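Okay, structure first, notes after.
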Amino acid sequence: MSHLYLIAQIAGRTVAIDSDQVESVVDIGEVTAIPRAADHVRGLAALRSRVVTVVDTQSALGLASNGPEARRAVITLIDGHHYALLVDALDDVAPFDPAPLAGGVALDSAWRAAGRGIVERDGEPILVVDLASLVPGHAVAAE
């Protein structure tokens, strides 16, 4: 059964994000650092009269941070809190038929916890990621 997915780039990899997890897509402005926050929490940002926690997705995956220049973000709502997950780029929204991750699919540890399945676009497999797995304190609950 087809479902809509947002196609994005994270750490140079094309990923699919279930549209049910996407509230909006924005450019993030000024980010205020939070003392003693997890390494992958960049800080807080104001977004349409509300405050969102900005998450550096590359750092959340255990990869080198995408640095302060990353400004595109996917806004998601998890347990009543809004998060802005930084992405390298946004590509498209399209319907796909998701398939489970096959036993033979090799994912390094950076992507294993976030991967939830595969969709195929133009003959190329794209990893479906769960945004909650990239938010501090939700990685274990999402597995």
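Remarks
- Of everything listed in (1) of a type in the set (A, V, I, L, M, F, W, C); (2) farther than 28 Å from Pro125 by Cβ; (3) surrounded by 14 or more Cβ atoms within 10 Å (Cβ to Cβ), the single unmet condition for Val25 is (2).
- Out of Ala106, Ala102, Ala45, Ala38, one residue alone is in contact (Cβ under 8 Å) with a residue 24 or more places away in the chain and either under 19 Å from Val129 (Cβ atoms) or of a type in the set (Ser, Thr, Tyr) (or both). It is Ala38.
- All told, Val52 meets the bar of being part of a strand (DSSP E or B) and more than 11 Å from the chain's Cα centre (by Cα).
- Matching entry among Val25, Val54, Val41, Val74 (being touching a Gly at 6+ places or on another chain (Cβ under 6 Å) and not polar (S, T, N, Q)): Val54
- Complete set of residues in the stretch 96-112 that are part of a loop (DSSP other than H, G, I, E, B) and open to solvent by 40 Å² or more (accessible area, probe 1.4 Å): Asp97, Pro98, Pro100, Leu101, Ala102, Gly103, Gly104, Val105, Ala106, Asp108
Yes or no, residue by residue, for (1) basic (Lys, Arg); (2) out of contact with any strand residue (DSSP E or B) (no Cβ under 8 Å at 6 or more places or on another chain); (3) modelled with pLDDT of 90 or more:
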position: Asp27; (1), (2), (3): no, no, yes
position: Glu30; (1), (2), (3): no, no, yes
position: Pro35; (1), (2), (3): no, yes, yes
position: Asp39; (1), (2), (3): no, yes, no
position: Arg48; (1), (2), (3): yes, yes, no
position: Val54; (1), (2), (3): no, no, yes
position: Gln58; (1), (2), (3): no, no, yes
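- Among residues of the stretch 1-28 that are under 16 Å from Ser133 (Cα atoms), those with a beta-carbon under 6 Å from a residue that is surrounded by fewer than 15 Cβ atoms within 10 Å (Cβ to Cβ) at least six positions away or on a different chain give the pairs Ser19/Leu4.
- Some residue of the stretch 57-73 being touching a residue at least 40 places away in the same chain (Cβ under 8 Å), open to solvent by less than 10 Å² (accessible area, probe 1.4 Å) and not in a strand (DSSP E or B): yes
- Only a single item in (1) in contact (Cβ under 8 Å) with a residue 40 or more places away in the chain; (2) more than 15 Å from the chain's Cα centre (by Cα); (3) over 15 Å from Ile7 (Cβ atoms) is not met by Phe96, and it is number (3).
- Residue under evaluation Ala46, criteria (1) of a type in the set (Gly, Ala, Ser); (2) over 27 Å from Arg112 (Cβ atoms); (3) assigned to a loop (DSSP other than H, G, I, E, B), criterion not met: (3)
The values are calculated or read from the model by the stated rules, or taken from the named source; none is laboratory data. The structure presented is a predicted model; accordingly, all values stated were derived computationally and were not measured. Backbone-built Cβ (ideal geometry, glycine too); neighbour counts: all protein chains shown. What goes into the accessible areas is simple: the full protein's heavy atoms, side chains included, and nothing from ligands, DNA or RNA. Shrake-Rupley method; radii C 1.70, N 1.55, O 1.52, S 1.80 Å.
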